[in-house]
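What follows is a set of notes on a single structure, which appears directly below.
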Amino acid sequence: MAIIAPSLLSADFLHLERDCDMLNQSKADWFHLDVMDGQFVPNISFGPMIVAAICKSTTRYCDVHLMIEEPEKYTEAFKNAGANNITVHIETCKDLKHNIQQIKNLGMHAGVAINPDTPIESLKNILKEVDLICLMSVHPGFGGQSFIPNTINKIKELRTLIDEQKLNTKIEVDGGVTLENALSIIKAGADILVAGNTIFKSKDPIATIEALKSI
């Protein structure tokens, strides 16, 4: 059964407390928090202050995805905000192993994200070091994009690498996840589904989360 991680990027920020309460009443496993800096990606989302407010609203696992340049400068701030996991992008880290170790030294789980155009091969030497790999199934920076079909092949390739090394590293898929494609994503080998618009634009978000969870 997949871990369901609603992306708060698609929440109604005028009524953020209401949306957090809704998720707390649902079968959502994690809160997924997308931090964007306007540099690595063209959009700007929110920083440690908003993350802290969201983390205080829940006892669920808080999965912070840093789509930012120089993430090492902000790791401790997000730890203090309540992050359980921090995921950094392979494309932004000059010394990825150092970034991963910094996150773990602060007592958090560590993840690495890769963009759609980044090959799975680039992850081969760090799989043992991380708790999860986040495969971007859209180009990062904006919510509401369509799932890139080739992601299925990348999930399968990554699943093979993880299984060959007999690791417990989880595969997270982020972007364009819907009720229609969730089964194929899970069958390919994903462990965690990040869903934004599919949940928050739904007429019944709690029922949608339950439907995703039951797949």
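Residue pairs whose Cβ atoms lie under 7 Å apart, sitting 6 or more positions apart in sequence or on different chains, and linking a residue in region 33-60 that is closer than 14 Å to Ser10 by Cα to a partner that is charged (D, E, K, R), are Leu33/Asp63; Ile44/Asp37; Ser45/Asp34. Scanning region 142-201 for residues that are part of a helix (DSSP H, G or I) and within 19 Å of Leu23 (Cβ to Cβ) gives Ala182, Asn197, Thr198, Ile199, Phe200. Selection of region 150-183 for residues being out of contact with any Ser or Thr (no Cβ under 7 Å at 6 or more places or on another chain), without any contact (Cβ under 8 Å) to a residue 40 or more places away in the chain, within 14 Å of Leu123 (Cα to Cα) and among the aliphatic types (A, V, I, L, M) yields Ile155, Leu158, Ile171. Take the residues of region 95-131 that are within 18 Å of Val177 (Cα to Cα) and among the hydrophobic types (A, V, I, L, M, F, W, C): which is surrounded by the fewest Cβ atoms within 10 Å (Cβ to Cβ)? This residue is Ile114. When each of Thr59, Thr118, Thr75 is tested for being among the hydroxyl-bearing types (Ser, Thr, Tyr) and in contact with a strand residue (DSSP E or B) (Cβ under 7 Å, 6 or more places away or on another chain), the lone residue that passes is Thr75. Among the residues of region 146-166, which ones are more than 14 Å from Asp117 (Cα to Cα) and among the basic types (Lys, Arg)? Lys156, Arg159, Lys166 - these are the residues of region 146-166 that are more than 14 Å from Asp117 (Cα to Cα) and among the basic types (Lys, Arg). Restricting the first member to region 189-215 and to residues that are of a type in the set (Ser, Thr, Tyr), and the second to residues that are at pLDDT below 95 and surrounded by fewer than 17 Cβ atoms within 10 Å (Cβ to Cβ), the beta-carbon pairs closer than 9 Å and six or more apart or on different chains are Ser214/Met1. Taking the criterion of being under 27 Å from Gln102 (Cα atoms) and of a type in the set (Asp, Glu), the residues of region 130-163 that qualify are Asp131, Asp163.
Looking across region 1-46 at every residue that is within 16 Å of Val194 (Cα to Cα) and of a type in the set (Val, Ile, Thr), the one that is surrounded by the most Cβ atoms within 10 Å (Cβ to Cβ) is identified as Ile4. Taking the listed residues Lys187, Lys156, Lys166, the one that is surrounded by fewer than 19 Cβ atoms within 10 Å (Cβ to Cβ), of a type in the set (Lys, Arg) and within 14 Å of Asp131 (Cα to Cα) is Lys166, with no other qualifying.
When region 165-201 is filtered for residues that are closer than 24 Å to Val88 by Cβ and not aliphatic (A, V, I, L, M), the ones remaining, listed by number, are Gln165, Asn168, Thr169, Lys170, Glu172, Asp174, Gly175, Gly176, Gly189, Asp191, Gly196. Set side by side, the residues Asn115, Asn181 differ, and just one is under 19 Å from Met67 (Cα atoms), at pLDDT 95 or above and out of contact with any helix residue (DSSP H, G or I) (no Cβ under 8 Å at 6 or more places or on another chain), which is Asn115. Please work out which residue is modelled with the highest pLDDT, limiting yourself to region 124-141 and to residues that are under 21 Å from Asp34 (Cα atoms), aliphatic (A, V, I, L, M) and assigned to a loop (DSSP other than H, G, I, E, B). Going through the qualifying residues, I end up with Val130.
The values are calculated or read from the model by the stated rules, or taken from the named source; none is laboratory data. Here the structure is a predicted model, which means the values were calculated and not measured. Neighbour counts run over all protein chains shown; Cβ positions are idealised from the backbone, glycine included.
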